Amino acid sequence: NNEIETWETPGALAGLAQPIDAIAFDCSLMQMTEVAYELRNSARVLIGSEESPPGAGYRYDEWLTLLKNSPSDPCNAGNDILTTFVNYYVANRPDFHNITQSIIDLSKMQGVATALNKFGHELRAVKTTEATQIKNARSATQYYAYYDNKDLYHFATLIRQNTASANLKQAADDLQTALR
């Protein structure tokens with residue numbers, strides 16, 4: 001009857017040779033900016049889903065065999081996890097929708113956080129004059145599983161397309177660059 005909170009994960013990994021190569025979350029809704037930021041000093045890459053993956057989860061037999069036969073860097077191993085997962089569910093379970101997986105280079109997360117802070121500052125600076133545009137962008141942004149789990153890149157796209165503020169447009173562009 002216990003669980004680990006996102007903010008506790010770096011502490012749970014403390015004492016290991018840091019950073020470890022990869023963390024893969026075979027569970028729901030873990031591939032979010034705040035999770036990646038918390039783990040930025042704990043691993044080189046993070047593999048996970050923005051959505052809720054099917055109950056059977058990762059194809060461990062397939063990607064572990066690939067890793068065993070051809071040890072590679074964490075990004076390639078992460079790509080094997082991602083590819084075997086997506087290929088299996090697309091080919092064998094077309095009834096599952098919203099199959100998502102991605103790999104995050106955690107060394108880039110401090111830059112993402114800096115750009116996100118700037119973006120937030122610029123949003124606050126125009127919250128009165130651009131209230132309708134911000135509200136409309138928030139409402140139209142793609143989300144995962146729950147309405148509040150918004151896609152940050154898509155939100156920045158909609159803000160950039162619909163705001164009159166040059167500073168906010170630049171902050172949205174900078175955020176998207178950091179996310180890429």
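Determine if segment 140-148 includes at least one residue that is in a helix (DSSP H, G or I) and at pLDDT 95 or above. Break it down into steps so the answer makes sense when it comes.
Going residue by residue through segment 140-148, those that are in a helix (DSSP H, G or I) are 140.
With the extra rule that they be at pLDDT 95 or above, the set shrinks to 140.
Yes, some residue in segment 140-148 is in a helix (DSSP H, G or I) and at pLDDT 95 or above.
Step by step: first the residues of segment 59-72, then only those that are among the hydrophobic types (A, V, I, L, M, F, W, C) and more than 15 Å from TYR89 (Cβ to Cβ), then the one that is surrounded by the most Cβ atoms within 10 Å (Cβ to Cβ). Which residue is that? Working first, answer last.
First pass over segment 59-72, keeping only residues among the hydrophobic types (A, V, I, L, M, F, W, C): 63-64, 66-67.
Subsequent filtering for residues that are more than 15 Å from TYR89 (Cβ to Cβ) retains 64, 66-67.
Numbers: LEU64: 15, LEU66: 18, LEU67: 14.
Filtering segment 59-72 for residues that are among the hydrophobic types (A, V, I, L, M, F, W, C) and more than 15 Å from TYR89 (Cβ to Cβ), the one surrounded by the most Cβ atoms within 10 Å (Cβ to Cβ) comes out as LEU66.
Is at least one residue of segment 21-29 in contact (Cβ under 8 Å) with a residue 60 or more places away in the chain and either buried (at least 19 other Cβ atoms within 10 Å of the Cβ) or over 10 Å from LEU106 (Cα atoms) (or both)? Outline the logic, then answer.
If we filter segment 21-29 for residues that are in contact (Cβ under 8 Å) with a residue 60 or more places away in the chain, which is where we start, we get 28-29.
Narrowing the set further to residues that are either buried (at least 19 other Cβ atoms within 10 Å of the Cβ) or over 10 Å from LEU106 (Cα atoms) (or both) leaves 28-29.
Checked against the condition, which is being in contact (Cβ under 8 Å) with a residue 60 or more places away in the chain and either buried (at least 19 other Cβ atoms within 10 Å of the Cβ) or over 10 Å from LEU106 (Cα atoms) (or both), segment 21-29 yields at least one hit.
What's the number of the condition ASP95 fails, among (1) exposed (fewer than 15 other Cβ atoms within 10 Å of the Cβ); (2) of a type in the set (Asp, Glu); (3) touching a residue at least 12 places away in the same chain (Cβ under 8 Å)?
Against the list (1) exposed (fewer than 15 other Cβ atoms within 10 Å of the Cβ); (2) of a type in the set (Asp, Glu); (3) touching a residue at least 12 places away in the same chain (Cβ under 8 Å), ASP95 comes up short only on (3).
Please go through segment 44-58 and give me each residue that is touching a helix residue (DSSP H, G or I) at 6+ places or on another chain (Cβ under 6 Å) and either open to solvent by 50 Å² or more (accessible area, probe 1.4 Å) or not in a loop (DSSP other than H, G, I, E, B) (or both), ordered by number.
Residues satisfying the conditions are ARG44, VAL45, LEU46, ILE47.
Which residues, counting only those in segment 90-119, are more than 29 Å from ARG40 (Cβ to Cβ) and either assigned to a strand (DSSP E or B) or of a type outside the set (A, V, I, L, M) (or both)? Please lay out each step first, then the result.
Let us first name the residues in segment 90-119 that are more than 29 Å from ARG40 (Cβ to Cβ), namely 90-97.
ASN92, ARG93, PRO94, ASP95, PHE96, HIS97 - these are the residues of segment 90-119 that are more than 29 Å from ARG40 (Cβ to Cβ) and either assigned to a strand (DSSP E or B) or of a type outside the set (A, V, I, L, M) (or both).
The values are calculated or read from the model by the stated rules, or taken from the named source; none is laboratory data. Bear in mind that the values here come from a model prediction, so they are computed numbers and not experimental data. Methodologically, a virtual Cβ is constructed for each residue, glycine included, from the backbone with ideal geometry; neighbour enumeration extends over all protein chains shown. What goes into the accessible areas is simple: the full protein's heavy atoms, side chains included, and nothing from ligands, DNA or RNA. Shrake-Rupley method; radii C 1.70, N 1.55, O 1.52, S 1.80 Å.
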